[in-house]
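Nothing in this text is a laboratory measurement; each read-out follows from the coordinates by a stated rule. Just so it is clear, the model here is predicted, and its values are computed rather than measured. A quick note on method: Cβ atoms are made from the backbone with ideal geometry, for glycine too, and the neighbour counts reach across all protein chains shown.
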Amino acid sequence: MLVIESRVDVEGLTGPEVTEFMLACTDEQYQRWWPGAHLQLHALGRAAGGVGDVVVMDEFIGRRRLRLLGIVEAVEPGREVVWRFRKIVPLPARLRLELLPVPGGVSVRHTITAGWSGIGRALDPLLRLYSTPRFTADLDAHVHTEFPLLRDHLRPGSAPSTEHRAPSTEHRAPSNEHCTGGTP
């Protein structure tokens, strides 16, 4: 099983704002959130309460372009959204956003899990070909940049002072406590 996790605390943003935006996003809103990195995020089909929505996700993580379909598997407004990726068939890969309130903002835990169960577990080493240390570092930097940018997008002019903000070009190396690429 491959697990890549990043965490970032964002002052001035709330969990409900994140889940509402992610579940109702249009391509135009997504592109304004992070121009040049975010390309598409929109629903192809909607279901009641978000669970079952099929969405297109298209963005750059570092130099790598990711284009996937995601099916919303779980929603807890203000707390969690889980997408399962698919190409032609559902893939054994998920993106989970967990949102916890912290004083003055929200803590975002962004986790990608991928891997098969049973006999399919023998294929897990193939995931390492895709998830390189460079991709893991790029993803962590992406998460640490995009959520402060989401706050700025949703609340223009009300963001905390610059010493608390991650500029859109910031790329920090991941720390072991926030980003893992190994098995749990």
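Counting beta carbons within 10 Å around each of Trp116, Trp33, Trp83 and listing the fewest first gives the order Trp116, Trp33, Trp83.
Fewest-first ordering of Thr14, Thr26, Thr145 by other beta carbons within 10 Å of each residue's beta carbon gives Thr26, Thr14, Thr145. Between the amide H of Leu13 and those of Val106, distances stay under 5 Å, these residues lying 5 or more places away or on another chain, with hydrogens modeled in the peptide plane. Taking other Cβ atoms within 10 Å as a rough exposure proxy, Asp58, Asp152 sort from fewest to most as Asp58, Asp152. Taking 0.36 nm per residue of separation and subtracting the Cα-Cα distance, full extension of the segment from Ala47 to Glu28 would add 4.7 nm. Here's the picture: a label point sits 7 Å out from the Cα of Ala122 along the beta-carbon direction, and within segment 1-45 nothing has its amide nitrogen under 14 Å of it. Using the Cβ of Leu41 as centre and a radius below 13 Å, the other residues enclosed give a net charge of -4, where K and R count +1 and D and E count -1. Backbone amide hydrogens, once placed in the peptide plane, bring Asp53 within less than 5 Å of Ala47, Val72, excluding anything fewer than 5 places away on its chain.
Within the shell of other residues whose beta carbon sits under 9 angstrom from the beta carbon of Arg64, the net charge comes to +2, with Lys and Arg scored +1 and Asp and Glu -1. Taking Cβ atoms as reference points and 15 Å as the exclusive limit, the residues near Val18 contribute a net charge of -3, counting Lys and Arg as +1 and Asp and Glu as -1. Which residues in segment 8-44 place their backbone N less than 13 Å from a point set 7 Å from the Cα of Arg155 along the Cα-to-Cβ direction? Under cut-off, by backbone N: 10-18.
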